[in-house]
Amino acid sequence: MLDFLRRHPADAVFGPDVLDILGAALDEAWKSVEASGATYESEIERSAARDVLARRIIDLAKLGERDQHRLSRDAVTHLAQCIASRT
């Protein structure tokens, strides 16, 4: 998550406790994506999928969401909707 924030600075500042929640939510979301059996044709696509998850988690955190599991579930749902809309 910190790497993503360095590459794409958010217009919000999060304290260390919130960053821990966001990082855990991203890890949880990515594990869920991997467990689903999703495959990617390239490392670029794989990285883009993680970026979609991270961006969604950050956007929800900027709105005040702090529950790791809700952040994670919403990000995975959002990624699935993004993929479905491209097919």
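The values are calculated or read from the model by the stated rules, or taken from the named source; none is laboratory data. Worth saying up front: this structure is predicted, and the values here are computed from it rather than measured. Every residue, glycine as well, gets a Cβ built from its backbone with ideal geometry; the counts of neighbours run over all protein chains shown.
Things worth noting here:
- Scan of segment 66-87 for residues that are buried (at least 18 other Cβ atoms within 10 Å of the Cβ) and among the β-branched types (V, I, T), ordered by number: V76
- Filter result for A29 (in contact with a helix residue (DSSP H, G or I) (Cβ under 8 Å, 6 or more places away or on another chain) and modelled with pLDDT of 95 or more): yes
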